[in-house]
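What follows is a single structure, written as structure tokens, with notes after it.
The values are calculated or read from the model by the stated rules, or taken from the named source; none is laboratory data. Owing to the predicted nature of the structure, the values given are computational and were not obtained by experimental measurement. Note: ideal-geometry Cβ built from the backbone for every residue, glycine included; neighbour counts use all protein chains shown. Ligands, DNA and RNA are excluded from the accessible area calculation, which covers all protein heavy atoms including side chains. Shrake-Rupley method; radii C 1.70, N 1.55, O 1.52, S 1.80 Å.
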Amino acid sequence: MSAMRVRGRGLPDGTEIDLWIDGGVLSTEPISDAEFVHDGGWILPGLVDAHCHVGIEYGGGHTDLSGSIRQAETERGVGALLLRDAGSPVDTRALDEYEDLPRIIRAGRHIASPKRYIPGLAIDIEDESQLPEAVAQQARFGDGWVKLVGDWIDRSVGDLRPLWNDSILVDAIAAAHAEGARVTAHVFGEDALPGLIAAGIDCIEHGTGLTDETVEMMVDHGTALVPTLINIETFPGIADSATRYPVYARHMRALHERVADTVGRAHDAGIPIYAGTDAGGSIAHGRIADEVAALAAVGLSPTDALGAACWDARSWLGRRGLERGAPADLVVYAEDPRGGPDVLSNPELVILRGRVTDRRGRTRSGAAARG
């Protein structure tokens with residue numbers, strides 16, 4: 001493919017940037033015969049959805065390879081070029097062979113105990129003494145992350161309860177770290193958080209049960225938070241359907257009612273927060289712009305909320321931004337992308353490894369890898 005050039009304003013500081021693309025790589029050195037594909041507007045590194053599930057269908061169930069490709073194409077169309085898959089029963093590693101699809105950072109499969117998570121999604125551990133070995137296996141299978149189910153409804157008590165004892169969590173998280181992987185956990189309620197954070201977990205997903213005490217613990221341990229705010233919007237509906245478990249239903253409604261304050265306090269305390277939609281299942285793919293808007297609504301500045309789905313998230317995940325020698329993964333906007341979800345979800349150009357697509361995801365120049 002021929003060399004290309006883009007020029008515009010970058011974030012977070014809004015300065016003018018001029019970039020050349022050759023062989024799918026960014027350069028700051030001029031290339032004389034490069035084609036100008038965009039001049040003006042705003043240029044960002046590819047957006048990040050830091051919590052999604054490729055292979056899980058919207059509305060439930062699993063999909064096949066073609067369905068996983070469609071999900072990835074949907075994300076690409078809105079500029080989400082890096083996806084942190086926070087647990088999927090579908091092996092999506094075949095998607096890595098497609099040069100025109102977003103890169104996926106996988107956490108393997110969820111790890112839970114029997115009847116304590118959504119049927120068919122997790123690896124069920126019959127005896128929690130098996131947890132460290134299961135974590136080590138998923139660490140070797142994934143791309144540097146492991147996903148635990150930290151709490152879920154316990155129907156014997158009718159409310160959210162932790163799945164694991166604190167002592168086994170220490171061993172399990174140490175096992176992942178020994179494999180070079182980080183650990184995150186699904187946590188809705190309050191009770192599972194102290195043990196997970198004290199055990200050295202790297203990230204909490206959702207975190208609706210955070211208290212002043214556990215916020216302070218996360219700050220002390222450097223634990224990150226991916227609050228999945230647009231998924232939390234489903235809590236009232238979950239509560240409405242839980243007619244057999246009134247305590248659980250009240251708990252879910254309460255967590256939902258105070259989530260803005262919960263995440264706002266976490267942000268004010270200095271906890272690193274990243275944008276993830278929880279796409280797959282109850283949330284459709286392609287909604288990262290809505291999650292950015294939700295983060296801004298709970299107290300992050302428009303720039304910080306966008307950074308949580310862009311330059312800050314890429315750094316956290318060990319991926320480069322708009323710098324010399326980095327993969328040419330970038331998104332171009334005619335207007336300031338901090339202007340709201342209608343702007344952020346409709347880029348002028350999406351450039352993925354040097355291939356230019358329009359916002360509908362169709363390749364406009366360069367050869368795709370399929371076929």
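Has the range 58-73 got any residue that is of a type in the set (Asp, Glu) and either open to solvent by 10 Å² or more (accessible area, probe 1.4 Å) or outside any strand (DSSP E or B) (or both)? Yes, some residue in the range 58-73 is of a type in the set (Asp, Glu) and either open to solvent by 10 Å² or more (accessible area, probe 1.4 Å) or outside any strand (DSSP E or B) (or both).
Quickly run through the range 268-295 and pick out the residues that are assigned to a loop (DSSP other than H, G, I, E, B), at negative phi and not charged (D, E, K, R).
The first filter runs over the range 268-295 and keeps only residues assigned to a loop (DSSP other than H, G, I, E, B), leaving 270-272, 274-278, 280, 282-287.
Then keep just the ones that are at negative phi; that gives 271-272, 274-277, 282-285, 287.
Answer for the range 268-295, where residues must be assigned to a loop (DSSP other than H, G, I, E, B), at negative phi and not charged (D, E, K, R): Ile271, Pro272, Tyr274, Ala275, Gly276, Thr277, Ser282, Ile283, Ala284, His285.
Would you check if Asp143 is open to solvent by 50 Å² or more (accessible area, probe 1.4 Å), assigned to a loop (DSSP other than H, G, I, E, B) and closer than 30 Å to Arg265 by Cα? Criteria not met by Asp143. Cβ-Cβ distances below 8 Å connect the following pairs, each with a first residue in the range 74-91 that is of a type in the set (Ser, Thr, Tyr), a second residue that is assigned to a strand (DSSP E or B) and modelled with pLDDT of 95 or more, and a separation of six or more residues or different chains: Ser88/Arg106.
Scan the range 8-30 and give yes if some residue there is touching a His at 6+ places or on another chain (Cβ under 9 Å) and in contact (Cβ under 8 Å) with a residue 12 or more places away in the chain, otherwise no. Walk me through it before giving the result.
So the first thing to find is which residues in the range 8-30 are touching a His at 6+ places or on another chain (Cβ under 9 Å), and the list is 8.
With the extra rule that they be in contact (Cβ under 8 Å) with a residue 12 or more places away in the chain, the set shrinks to 8.
Yes, because at least one residue in the range 8-30 is touching a His at 6+ places or on another chain (Cβ under 9 Å) and in contact (Cβ under 8 Å) with a residue 12 or more places away in the chain.
Here Ala269 meets each of (1) at pLDDT 95 or above; (2) under 29 Å from Pro347 (Cα atoms); (3) surrounded by fewer than 17 Cβ atoms within 10 Å (Cβ to Cβ) with one exception, condition (2). Could you tell me which residue of the range 123-140 is least open to solvent (accessible area, probe 1.4 Å), considering only residues that are in contact with a Ser or Thr (Cβ under 8 Å, 6 or more places away or on another chain) and among the charged types (D, E, K, R)? Here the residue is Glu128.
Total residues in the range 299-338 satisfying the condition of being closer than 27 Å to Phe36 by Cα and open to solvent by 60 Å² or more (accessible area, probe 1.4 Å): the figure is 8. The single condition among (1) buried (at least 22 other Cβ atoms within 10 Å of the Cβ); (2) more than 17 Å from the chain's Cα centre (by Cα) that Tyr274 does not satisfy is (2). Each residue in the range 340-359 was checked for being in a strand (DSSP E or B) and touching an Asp or Glu at 6+ places or on another chain (Cβ under 9 Å), and 6 pass.
Among the residues of the range 146-167, those identified as part of a strand (DSSP E or B) and among the β-branched types (Val, Ile, Thr) are Val146, Val149, Ile153.
Here is a yes/no grid of residues against (1) open to solvent by less than 50 Å² (accessible area, probe 1.4 Å); (2) of a type in the set (A, V, I, L, M, F, W, C):
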| site | (1), (2) |
| --- | --- |
| Val149 | yes, yes |
| Asp154 | yes, no |
| Val157 | no, yes |
| Asn165 | no, no |
| Ala175 | yes, yes |
| Ala181 | yes, yes |
| Gly189 | yes, no |
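Within the range 87-115, if we keep just the residues that are of a type outside the set (A, V, I, L, M, F, W, C), out of contact with any Gly (no Cβ under 7 Å at 6 or more places or on another chain) and not in a loop (DSSP other than H, G, I, E, B), the residue that is farthest from Thr357 (Cα to Cα) turns out to be Arg93.
The residue of the range 74-119 that is surrounded by the fewest Cβ atoms within 10 Å (Cβ to Cβ), among those that are modelled with pLDDT of 95 or more, over 16 Å from Glu205 (Cβ atoms) and among the hydrophobic types (A, V, I, L, M, F, W, C), is Ala94. For the range 199-250, give me each residue that is part of a helix (DSSP H, G or I) and touching a residue at least 60 places away in the same chain (Cβ under 8 Å). Those that are part of a helix (DSSP H, G or I) and touching a residue at least 60 places away in the same chain (Cβ under 8 Å): Leu229, Ile230, Pro246, Val247, Tyr248.
Within the range 254-273, the set of residues being among the hydrophobic types (A, V, I, L, M, F, W, C) and in contact (Cβ under 8 Å) with a residue 12 or more places away in the chain comprises Leu255, Val259, Ala260, Val263, Ala266, Ala269, Ile271, Ile273. From the set of residues in the range 5-49 that are in contact with a Phe, Trp or Tyr (Cβ under 7 Å, 6 or more places away or on another chain) and assigned to a strand (DSSP E or B), which is most open to solvent (accessible area, probe 1.4 Å)? The residue in question is Arg9. Taking the criterion of being of a type in the set (S, T, N, Q) and in contact with a strand residue (DSSP E or B) (Cβ under 9 Å, 6 or more places away or on another chain), would at least one residue in the range 28-40 satisfy it? Scanning the range 28-40 turns up at least one residue that is of a type in the set (S, T, N, Q) and in contact with a strand residue (DSSP E or B) (Cβ under 9 Å, 6 or more places away or on another chain).
Scanning the range 312-340 for residues that are more than 24 Å from His53 (Cβ to Cβ) and within 18 Å of the chain's Cα centre (by Cα) turns up Arg320, Gly321, Leu330.
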